[in-house]
Every structure is written in C-alpha cells, then in structure tokens.
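Note sheet for the following structure.
The values are calculated or read from the model by the stated rules, or taken from the named source; none is laboratory data. Predicted model, so just to flag it, every value in this text is computed and none were measured. Cβ: placed from backbone, ideal geometry, glycine included. Neighbour counts: every protein chain shown. Ligands, DNA and RNA are excluded from the accessible area calculation, which covers all protein heavy atoms including side chains. Shrake-Rupley method; radii C 1.70, N 1.55, O 1.52, S 1.80 Å.
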Amino acid sequence: MHRTLARFPLRSIADSLLKSKPRQHGRRNVAENMGYSRALTTSKGLEFLVYGTESTTRSMQMQIVDALHLGDRSKASNLLLDLGHGNHSLRPDDFVHILNYCARSPDPLFVMETLRLMEEREIGLNEICYLLIVRALCKGGYLEEAFNLINFLGERQGIYPILSVYNSFLGACAKMRNIFHADQCLDLMERQMVGKNEVTYSELLKLAVWQKNLSAVHEIWKEYVKHYSFSIISLRKFIWSFTRLGDLESAYQTLQYMVALVIRGSIFVNRTAEGKLYPYRIDIPIPSNGELCSKKFDLKGNEHSIPSAYRNIEQCTTSSLENREAESGRLGVLNRYENMPVKKVLRWSFSDVIHACAQAQNCGLAEQLIIQMKNLGLQPSSHTYDGFVRAVVSERGYNDGMEVLKVMQQSNLKPYDSTLATLSMGCSKVLELDLAESLLDQISECSYPHPYNAFLAACDRMILAKMKHLKILPDIRTYELLFSLFGNVNAPYEEGNMLSQVDTAKRINAIEMDMAKNGVQHSHLSMKNLLKALGAEGMIRELIQYLQVAENLFCRNNTYIGTPIYNTVLHSLVEAKESQMAVEIFKNMKSCGIPPDAATYNIMIDCCSISRCFKSACALVSMMVRDGFYPQTLTYTALIKILLEEKNFDEALNLLDQACSEGLDLDVLLFNTILQKAYEKGRIDVIEFIVEMMRQEKIHPDPSTCYYVFSTYVDRGFHSTAFEAFQVLSIRMLSEEDGIDHEKMEFEDDFILSEDSEAESRILELFKNSEENIAVALLNLRWCAMAGFPVSWSPDQSPWARRLSRNYDSRKRAA
C-alpha cells in the first residue's frame, strides 16, 4: 500500500494545480474558482458555510461515496471512471464530496486514484481539494507523501500557503508521535512565512506533552501571549499540558486566570455542527494585555500571579465537605452560564488540576478546588471525584475517601470503577478486607490487576497477623500454601511484566523472611511452589538462581531433591521458549542421577517443537519407552505439534491415527492443535477430516474448535458453509452437557430467538457459573439466527455434516 502511494507522481499533481485559472485578481478568484462562498477562518481551520453553486455531478459523487462506505471499491472505481469520462466538462468542486469522504474515512488510496483521473482530464486543483488531499494522506498515515506535496507546492510561485494544511499535518505528526516530520513542517512554515493560529499552538502543545518537554510548553505560552489574547479553549489546553507534565503550580495559576475571565463575562464558547467546542470570536491575533494577564504571564512568579479574588481560597482550610454544601448554593456565581459550554470547559479544567493533585499527593489543594467549584456553582462530575478520591486516599487514608464516596452518592453520582479500585486498595493497605472485597465486588470492569493484587497481599498479611495475635507459630504447611496462593501476581490471567515481577519478588522475600524469623526451612513442596510462581511470572533468571539454592539446600541436608522440582523448572523454561537452557538442565539432571519421569519426557518432547526437531523428539520417545513410560495423549500432542511446525500434515494425521488405534483417551486439545495449524494454512480438507474424526471419536468441540473451523471457511469466502458449520459445532458443544435435551425449547425462547434486549446479558451470566461452553454455544447460535440461519437441533442431519461423514468414510476405505 505504501509503495503504491510513493510511486504516484506528486510533482505532476502539483503541475496540474498550476493549470487552474490565473490569479490576476488575487484571492477572490480562488474562491470563485472553488465554487464556494468563503467563511471566516476559525480556530478549527477553514470552514465553508454554503455552496455557491450546486454541481451537476453531485449525484454521481454521492453514489461513489455510498459505494466506498459499503466497502465496494470496484463499484466506486467504475463510477469514478464514468464520472471522469463523461461528455460534460468537470471542475475541481465536482470531486469535493469524494475527497471529503476520503479525508474523513480516511482512504488515501482512493484519493490518489481520484487524483490520477483529475490529472488525466487536466482538471486543476483548488484550495479545498488541496486541503482534503493532505488531510486524507495525513489521517491515513502517509506523512512522507503529504509533506512532499506540501513542500513542492510551497516552493512554487502563485501557490498561496494555506495554514489549515500545515495544521492538519502537524496534528497528524502529534497523533503519530513523529517529531521528525513536525520539525520539517515548522521549518517550511518559517520559510514560507505562514504564521501560526490557535490550532497551530494546540498541535504544538500535544507534541511537547508527548516529548515530556515542559520547557517547550512554557515557550509556547510566551509566544502565544505575544500574538493572542486568551480564550477559554486555549487556557484549557495549556492547563491540560501543565497537568500532564506535572507542573501543578502553573496549572493552578492558569485555572484561576480562566475562572477570573469567565466571571468577567468576556469569554464565550460555541459548538460546531459536529459538537466540538470553539471560542466565539474571529481568529485574529490580538496580543494579551491588562493587569490580570500581565501577572499571569509569569507562571513561575510569586503569589501575586494568583488573582486576588481567589487568594483567600488558596489559604483557607476545611475539615469537612458537607459543611460547605449549603453555602455553595448561595455562591453559585456561574449560574448564568447554566447549560452552556463554558461550564463544561471549566469543569474539565478543574478535573485535570485535581487529578494532577492526586499525582502530586496534594490533598489540601485538591480539597480547596472542590470547594471552589461548589462556590462557583460547578457540580463536580464522577471524573472530578475520581481524582479527588485518589488525592484523599493517598494522603489521609481510606476513611476520608469513603466520606467522599458518601458525598457522591448523595449527589446521585455513580463512582468510576477506578474510584472503587482506589478505595479498595486503601482498605487493603490497612487490612480492612471485608470492605475491600465489597468494593471489588462493585467493580464492573477493571483493565489492571492492582486492586486485586493488593487484596491478595493483604490476605497474606492478615493471615500471618492473626496467627501472631493468637501466638500460633506457622509451620511449613503454612508457607507452602502462602507460596502457592500469593507467590505470583499476574498469572494465570495474563503474562508477567516488570511491575508484577517486582511485586512477586517482594512477596517471596517477605514470606522467606518470615520463614527465617520462625526458623522454618523449605520443604520440597514449598520450594516447588516458589519456583512455579517465578516461572509463571516469566522470571527466568531468578528461577535458575532459586534452583541452585534448592540444590545446595537439599544437598547440605542430605535430602534427595526430587524430579518434580526439576519438572517445574523445565516446564517454565519451555513455556518461556528457553529451549537451550532446558536441554542443559535436562542433561545435568541425568548426569546427577536424578531419574526423569513421564512428565519430564513429555516436557522435553514439547521443547523439541521450539527447535522443530522431530528426530530429537523421537530419540526422547525411545528413551521414554526404555525407562518404562509409554506415550500418552500429551506425548502425541507434542509430536504432532512438531510435525505441524514443519507443515507435514500427512505424517501428523498418521500419528493421530496411531494414537486412536492405541485406545488412548484423546482430548480436544490434541485435535485443536491440528485445527489451529490447518486454519493458519487454509487447509479446508484437513479441517473437515478432523471435525468428522472428532465426531467419530466422541470428542466434543470447544470454543476454539468453533473459531478455527468458522474462520477457515470465512477466509476462503465460503460464508454460508461457515455459518452452517458454526451452528453444527455449537449444538455439539451443548450436547456435551447433561440434561440439555429437555432444555432445547427453553434455550430457543429465552436465549437464541429472544428479542429481549437483555437476552445476551442473561447468556453472559452463565460465565459466572463456570458454564463457559454453554454460554459460548448460545451466543454462537443466537448470532447464526440473527444472520438468517434457523436453528436445527439435529446437527448430524446437516448437509455439511453428512458430506463430511461421506468423505471421511471414503478416505478410510481408501486407506
């Protein structure tokens, strides 16, 4: 995709732009050529209010846009050719709707296709087309191509630079965090003497925040002051920048200046048609002036930089928020702005500063800001209180945080999940486990495990604390359980990361210190649980270190270290794909006379899938048999996995037949291993053979089975077959459960065919009862019904299922 755009002749596009009408009469001719009436330039760039003339090709443009919206690109391309090769003459505005859609989507490839056509028909570009082209390229991620076009047009005489184009480019640089192209753009703007407007400064602030460059934000402030008086929107963006970079002082002072301007009544905000806020004024540079402004410009100055009207707020203290509730109604000085965007912007800014107070653990300032909001008639939002609770809990503890939660409930505000998580962690810190657990139960969605980790760690401390209180000394069984329950952090729900590994190290160290204090030495099980915790978090270096500790410890005590400890280490190394290290430990284990067991051999055979060495795996099987261990389902799964890595499906299927003939208890994991690789390689023949074999062997599918089969058909364009297979496998999943037959009608009425908006929520409730397969099967069947596939409770009578059965029997007879 990138190369296609790179090959497009940007220079010829620029040349075609020069073919438009001469500009002897200055800027007015440009507007006439565009077919638009020019609107005032606002902080959001060029805005066009009305069409000057209705293009005769508008209908065809809208057909092209509709085709693009539906994803029918071939139809859109054909319609574009029809538009370009018609008998009527075309102007640039005959393509504006197409380019506008491509800029919003974005669709940079169709933009270039449109430009090729315009070039062929020698249709000159106008300023609107130029702006939309650049926006499409920028939003599509093609910064290099966009800059080349801007740069080339900027060097040609007669092409007047458009600030909105440069702003769009800077905005894309900020979004993609590309400082190199941003610097290039700023250099070009300086050479072309384009200047800057409020949008430019906004994009520069985003770049500075991304670079964590606070001094750059202050420099932008100084430059802004030279050219503009402040609007509430610009102040909001500076406050946002200061809070993100931890400059609480500057953020607070800027907020107070914003409040003072609003109270003066000299600031108004309007909405665009899209709902975006913008200052109600013409974007004409007017330097800031006046006593209040001049004080504010020195962000690092003394107390006089804070407006005197609010200096008493900074100095006040309070013991309770409730004491101010009644007073706030009388002091609502912003009541005249009720239901106006000004109050919304003010509330956002207060929230930003309060969240910054939480980061800086400045509870006092956060409380003053909450009081100021109430005095001004601004009702704090749930987001505001989220920051306030963080500040309160970090400095004063969970009790004060719970008081804030009561205030929220009195105001009918629902707390954020992050607010509940903060309070729960505060409760866990002081071992208030019942309240911590109650708060965790109220959380509907949490993307990080910290509150749960804090709760588990508190449980650990509580157990030891209670035992000490009762003067009960823990024994080795206590520590075995502690390592098992609290040794790791993220696993098994997600992979370990730096934070969870640090927590794991702290937990293990704390438990071991308590062991040493009570004179308790490691047992085989406690060491195994410790090693398992390290492996689950991916802490390989620590894992090897503790293995050496275990070897030395048990050697000193003349105790046999045991195969299970080595198996734990080997399994963790294979999971981490540390195959060489696993092989070395296996060799050392053998040389030290520690006998491998069946689990050891299965782990090492699985290790061979990392290096894709089937020969080594077979050698291990031979050693396994010589030691009296016979291959089990797990062994065959590992061997088949190696063959599939080598794309040897035939041998993998032969090995599967051998496993079946030996009468092993096969499981769905073995079959899913083959289905996954067949899906990746698009082998529908293998998919169908395995599905039928599962039916013959009475192996019920699971959600992974359904996914691999459905996705394989969809990727090959067999959508009807995909839904038919999806339905058959989902019903087979349900038939696995006891007592399902008499519930079929209930399933249809309550879940699958129900038009009740809560039907899917009821299905999801099944997950809570550990009925995952039933829940997934019902969701699948409901989806099939919505797609127009009626439910059939006789899956084996499906044409797809009968075809698979016939093909399977034919293949078996041929074999």
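From the list Arg541, Arg556, the lone residue that is at pLDDT below 90 and farther than 23 Å from Leu664 by Cβ is Arg556. Pairs are defined by a Cβ separation below 9 Å, a sequence spacing of at least 6 or placement on different chains, a first member in the stretch 620-648 that is over 17 Å from Ala659 (Cα atoms) and part of a helix (DSSP H, G or I), and a second member that is of a type in the set (S, T, N, Q) and modelled with pLDDT under 90; the pairs so defined are Glu645/Ser609.
What about Asn773, is it under 25 Å from Arg802 (Cβ atoms) and modelled with pLDDT under 90? Yes. The set of residues in the stretch 564-600 that are in a helix (DSSP H, G or I) and without any contact (Cβ under 8 Å) to a residue 12 or more places away in the chain comprises Gln580, Glu584, Lys587, Asn588, Lys590, Ser591. Looking at the stretch 496-524 only, could you name the residues that are surrounded by fewer than 21 Cβ atoms within 10 Å (Cβ to Cβ), at pLDDT 90 or above and not in a helix (DSSP H, G or I)? Of everything in the stretch 496-524, those that are surrounded by fewer than 21 Cβ atoms within 10 Å (Cβ to Cβ), at pLDDT 90 or above and not in a helix (DSSP H, G or I) turn out to be Gly519, Val520, Gln521, Ser523. Considering the conditions (1) surrounded by fewer than 21 Cβ atoms within 10 Å (Cβ to Cβ); (2) more than 18 Å from Ala251 (Cα to Cα); (3) touching a residue at least 60 places away in the same chain (Cβ under 8 Å); (4) not polar (S, T, N, Q), Val225 is excluded by exactly one of them, (2). Answer yes or no as to whether Arg782 is within 30 Å of Arg683 (Cα to Cα), modelled with pLDDT of 85 or more and part of a helix (DSSP H, G or I). When the stated conditions are applied, Arg782 passes them. Of everything in the stretch 441-454 that's surrounded by 14 or more Cβ atoms within 10 Å (Cβ to Cβ) and at pLDDT below 85, which residue is farthest from the chain's Cα centre (by Cα)? Going through the qualifying residues, I end up with Ala454. The set of residues in the stretch 87-103 being small (Gly, Ala, Ser) and open to solvent by 30 Å² or more (accessible area, probe 1.4 Å) consists of Ser89 alone. Please verify whether Asp650 is open to solvent by 30 Å² or more (accessible area, probe 1.4 Å) and within 26 Å of Gln548 (Cβ to Cβ), treating the condition exactly as stated. For Asp650, the condition - open to solvent by 30 Å² or more (accessible area, probe 1.4 Å) and within 26 Å of Gln548 (Cβ to Cβ) - is not met. The residue of the stretch 676-707 that is surrounded by the fewest Cβ atoms within 10 Å (Cβ to Cβ), among those that are part of a helix (DSSP H, G or I) and of a type in the set (D, E, K, R), is Asp685.
For Val489, the stated conditions do not hold, so it cannot be described as outside any helix (DSSP H, G or I), open to solvent by 20 Å² or more (accessible area, probe 1.4 Å), in contact with a helix residue (DSSP H, G or I) (Cβ under 7 Å, 6 or more places away or on another chain) and touching a residue at least 40 places away in the same chain (Cβ under 8 Å). Scanning the stretch 247-272 for residues that are of a type in the set (Gly, Ala, Ser) and at pLDDT below 90 yields a count of 3.
Being open to solvent by 10 Å² or more (accessible area, probe 1.4 Å) and at pLDDT below 85 is a property that does not hold for Gly84.
Scanning the stretch 384-412 for residues being more than 24 Å from Ser428 (Cβ to Cβ) and either surrounded by fewer than 21 Cβ atoms within 10 Å (Cβ to Cβ) or modelled with pLDDT under 90 (or both) gives a total of 3. Taking Arg477, is it of a type outside the set (Asp, Glu), at pLDDT 85 or above, open to solvent by 80 Å² or more (accessible area, probe 1.4 Å) and over 32 Å from the mean Cα position of the chain (by Cα)? Considered against the rule, which asks whether it is of a type outside the set (Asp, Glu), at pLDDT 85 or above, open to solvent by 80 Å² or more (accessible area, probe 1.4 Å) and over 32 Å from the mean Cα position of the chain (by Cα), Arg477 comes out as yes. You will find that of Ser438, Ser424, Ser418, the residue that is more than 18 Å from Asn488 (Cα to Cα), surrounded by fewer than 16 Cβ atoms within 10 Å (Cβ to Cβ) and out of contact with any Gly (no Cβ under 8 Å at 6 or more places or on another chain) is Ser438 and no other.
Taken over the stretch 525-544, the criterion of being open to solvent by less than 10 Å² (accessible area, probe 1.4 Å) and assigned to a helix (DSSP H, G or I) is satisfied by Ser526, Met527, Leu530, Leu531, Ala533, Leu534, Leu543.
Selection within the stretch 597-624: residues that are of a type in the set (Val, Ile, Thr) and more than 15 Å from Ile565 (Cα to Cα). The member of this set that is surrounded by the fewest Cβ atoms within 10 Å (Cβ to Cβ) is Ile610. The condition of being open to solvent by 20 Å² or more (accessible area, probe 1.4 Å) and not polar (S, T, N, Q) does not hold for Leu376. Within the stretch 580-596, restricting attention to residues that are over 16 Å from Ala619 (Cβ atoms) and exposed (fewer than 15 other Cβ atoms within 10 Å of the Cβ), the residue that is nearest to the chain's Cα centre (by Cα) is Gln580.
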